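Structure record follows, encoded as structure tokens.
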Amino acid sequence: MNDQHYNFAYLDEQTKRMIRRAILKGLAIPGYQVPFASREMPMPYGWGTGGVQVTAACLTPDDRLKVIDQGADDTTNAVSIRKFFQRTAGVAVTTATPEASVIQTRHRIPEVALTEGQILVYQVPIPEPLRFLEPRETETRRMHALEDYGLMHVKLYEDIARHGAIATSYAYPVKVEGRYVMDPSPIPKFDNPKLAGCAAIQLFGAGREQRIYALPPYTKAVSLDFDDFPFEPTKAAGACAICGSDTSYLDEVIVDDAGGRMFVCSDTDYCASRAEGQP
Amino acid sequence: MSAGPLFRVEGLSKRYGARIGCADVSFDLWPGEVMGIVGESGSGKTTLLNCMAGHLAPDAGRVLFDMKDRGMVDTVTMPEPERRRLVRTDWAFVHQHARDGLRMGVSAGGNVGERLMAVGARHYGDIRAAAVDWLGRVEIAADRVDDRPRAFSGGMQQRLQIARNLVTGPRLVFMDEPTGGLDVSVQARLLDLLRGLVREMGLSAIVVTHDLAVVRLLADRLMVMKDGRVVETGLTDQVLDDPQHGYTQLLVSSVLQV
Amino acid sequence: MIRIENLAKEFVLHNQGSAVIPVMAGAHMTVARGECVALVGASGAGKSTLMRMIYGNYLCDGGSILVGDVDVAQASPRAIIALRREVLGYVSQFLRVVPRVPTVDVVAEPLLALGVAADQARARAMDLLARLNVPERLWALSPTTFSGGEQQRVNIARGFVHPYPALLLDEPTASLDAANREVVLGLIEEAKARGAAIVGIFHDEGARARLADREVDVRAFTPARGT
């Protein structure tokens, strides 16, 4: 049922090959940012052009695609990307995490543990973890090459000096396999532990910045910290108002003008499946 | 103290096209020695300093440093990772403009702590304590540790830059006009501080300046440069009081007496 | 302790038509341990020049200057620095210090350079300043603002704080009152007694008569100048 005016998954075969080569290189050097010739996509930068290109390069006609935006399957970004691939690739889609073979995500990792054979594709706005500390690309590349990562800890030092704790709560940098420092895209630091030792392939695509990087299955990814200020994956204190989970990542929802609020799971599929299963 | 020189430059040359940056410069620097390099603008002293400190690649010559266990090693041909390690441990570079040597968006404590973190310090409390200690040694109050350098005066910024450089206990410090652009009274304070640190830490230093008063107070030895070449070397007071080369005589006699 | 042989010196003024001014030729002199030799001769005869050459402040154009076993005329800057730190003291007529440094630290500096502990070095400095009647309220101030006599005494304290085996004294009693002159003469006598070899320039004839074992007239070393 795909639109025959498009090549499968929108991109031409040569482009997909080029992207696959970048992906393979990324998998071979976990955490290393591989430059690739990002294409113009029929959506604005910041809407997941990097993730979409990676997904397009990974999809086969037999795949079942899930797209989430901040954990939700039903927000604009998720819906439009899902429809885009339904139309251009004709692949099956799902919202159920365990059933999906490819999951494109913006800013979350699903609550349910991923399994071997699955691919998780992240949309990345700024792939360079050193960017806000060192504006020169030539210099950040050199720093990665020479493992010159003192600056990363300067940022964390500044956090503690100013806020009394490491205030970075999303896009929290990790060191991959003891070598490259990597920006895990703006996922909450609550999700950081799930990056490490994950059974699925994790791919990161930054369209505007033209970078692809990857974590192969079961890769080590250690969140940076200090001995006396260890990394803590925090989340809002409370339980989901719908499914009652107190272990999942929660969104705060303001429910009236009187300051009333409630917490709900950010992962809508997880929440819905728990709510269904309840008596 | 080791038996040999700490630092040795052999036949160092750098050209910019047809123009000479510096030509065939050689000297030894021993542990604890401070060497001044003077000359007017364009004499090649800054080119020489940048070649020695690894900021510029020389066209010819060697820049040897005593790597303790391995003896004298040529830092020009040294692998980049090793040179970077050297630059953030045993070497230090004090820029003329503090803003070139500081991270202006990072607190004073973070600036001082960066070198420690770069060599693997991972205990916040210890890093902060070391930063506060060093701020004290350069006469910056401990309660300024979380302020950014923008909020500091020029003299304070320069002292912060020195603290940031010396925190890892380097053995060799390169200084490019360290007192340039500062008020005279602030200069004096900085010179006093530098002299004390050089003596206490047994530092060796190479100071490039056009200010003869600075070298007289700071340097043991002096090298005078003109058109990229060294025209005279010797004990600082000897070169200043009994200059042999015509250019040095001109330089010394051109200084305004206070 | 000090042995000078056949020393020669000329100034070449490159910026004044490369004028060559010979100022010394064939200078000979020896100073034994515990001996004080006074340089005499009219102003401009080369007393200060000779002293500066012994200190390594002026280069030599010929001959040798042995201080202990170091030939200052040939030695590397590094050897001269070590010689000045350990063996050869010099009290000049001028005090040249980093502004803002307290007087007590100015005096203690030669000891600090030798690696003496800071509190010990300061204690020695304070003893000397007290003996030279420098008021205690001035010790924490920089000497740059002091009167000529006070500066001179700070200079002397700095030159005597370490028991140098060889001492060069350029007008040590100039601009001092009688009481302080007496203190300084006492210090020099003590240095002689402990075996220091001393070369001095004393315009103060009383001081010269009291301290000097011999006089050396530097006019004998002054080459004839073309008129």
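Scanning the range B:96-124 for residues that are surrounded by fewer than 21 Cβ atoms within 10 Å (Cβ to Cβ), of a type outside the set (A, V, I, L, M) and under 15 Å from B:Arg144 (Cα atoms) returns a single hit, B:Gly105. Going through (1) more than 26 Å from B:Lys68 (Cα to Cα); (2) buried (at least 17 other Cβ atoms within 10 Å of the Cβ); (3) at pLDDT 95 or above; (4) within 11 Å of chain A (Cβ to nearest Cβ) one by one, B:Arg144 falls short only on (4). Suppose the filter is assigned to a loop (DSSP other than H, G, I, E, B), on the phi > 0 side of the Ramachandran plot and at pLDDT below 95; does A:Gly197 pass it? The answer is no for A:Gly197. Being of a type in the set (Asp, Glu), within 21 Å of C:Arg84 (Cβ to Cβ), within 18 Å of the chain's Cα centre (by Cα) and assigned by TED's automatic domain parsing to the domain that holds C:Gly41 holds for only one residue in C:Asp170, C:Asp213, C:Asp204, and it is C:Asp170.
Among the residues making up the range C:1-31, those that are more than 24 Å from C:Ala191 (Cβ to Cβ) and either among the aromatic types (Phe, Trp, Tyr) or outside any strand (DSSP E or B) (or both) are C:Phe11, C:His14, C:Asn15, C:Gln16, C:Gly17, C:Ser18. Within the span defined as the range A:73-92, every residue fails to be within 19 Å of A:Phe204 (Cβ to Cβ), touching a strand residue (DSSP E or B) at 6+ places or on another chain (Cβ under 9 Å) and assigned to a loop (DSSP other than H, G, I, E, B). For the range B:91-112, state whether one or more residues are modelled with pLDDT of 90 or more, within 14 Å of another protein chain (Cβ to nearest Cβ) and under 25 Å from B:Phe27 (Cβ atoms). Checked the range B:91-112: no residue is modelled with pLDDT of 90 or more, within 14 Å of another protein chain (Cβ to nearest Cβ) and under 25 Å from B:Phe27 (Cβ atoms). Listed conditions (1) part of a helix (DSSP H, G or I); (2) touching a residue at least 12 places away in the same chain (Cβ under 8 Å) are all met by C:Arg137, apart from (2). Where strands (runs of 3 or more DSSP E) fall wholly inside the range B:1-117, the ranges with 2 or more residues that are within 17 Å of the chain's Cα centre (by Cα) are B:7-16, B:19-29, B:34-38, B:60-66, B:91-94. Only residues that are in contact with a strand residue (DSSP E or B) (Cβ under 9 Å, 6 or more places away or on another chain) and loosely packed, with under 11 Cβ neighbours inside 10 Å were counted in the range A:256-279, giving 1. Selection of the range C:69-80 for residues being assigned to a loop (DSSP other than H, G, I, E, B) and surrounded by fewer than 16 Cβ atoms within 10 Å (Cβ to Cβ) yields C:Asp69, C:Gln74, C:Ser76.
Matching residues to (1) of a type outside the set (D, E, K, R); (2) touching a residue at least 60 places away in the same chain (Cβ under 8 Å):
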position	(1), (2)
C:Leu13	yes, no
C:Ser18	yes, no
C:Pro22	yes, yes
C:Ala27	yes, yes
C:Thr30	yes, no
C:Gly46	yes, yes
C:Gly56	yes, no
C:Asp61	no, no
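If you go through the range C:29-56 and pick out every residue that is within 14 Å of chain B (Cβ to nearest Cβ) and of a type in the set (D, E, K, R), you end up with 1.
Looking at A:Gly46, is it more than 13 Å from A:Ala89 (Cβ to Cβ), under 21 Å from the mean Cα position of the chain (by Cα) and either of a type in the set (S, T, N, Q) or crowded, with 16+ Cβ neighbours inside 10 Å (or both)? So A:Gly46 does not fit the description; no. Scanning the range A:217-235 for residues that are away from chain B (no Cβ under 14 Å) and surrounded by 16 or more Cβ atoms within 10 Å (Cβ to Cβ) yields A:Pro217, A:Thr219, A:Lys220, A:Ala221, A:Lys235. Residues in the range A:175-183: is at least one away from chain B (no Cβ under 14 Å), closer than 13 Å to A:Glu128 by Cα and outside any strand (DSSP E or B)? Yes; the residues of the range A:175-183 include at least one that is away from chain B (no Cβ under 14 Å), closer than 13 Å to A:Glu128 by Cα and outside any strand (DSSP E or B).
Filter the range A:147-165 for residues that are more than 9 Å from every other protein chain (Cβ to nearest Cβ) and not small (Gly, Ala, Ser) and give the result.
In the first step, residues of the range A:147-165 are kept if they are more than 9 Å from every other protein chain (Cβ to nearest Cβ); the result is A:159, A:163-165.
A:Asp159, A:His163, listed by residue number.
The values are calculated or read from the model by the stated rules, or taken from the named source; none is laboratory data. These figures come from a predicted structure and were not determined experimentally. No Cβ is skipped: glycine too gets one built from the backbone with ideal geometry, and neighbour counts run over all protein chains shown.
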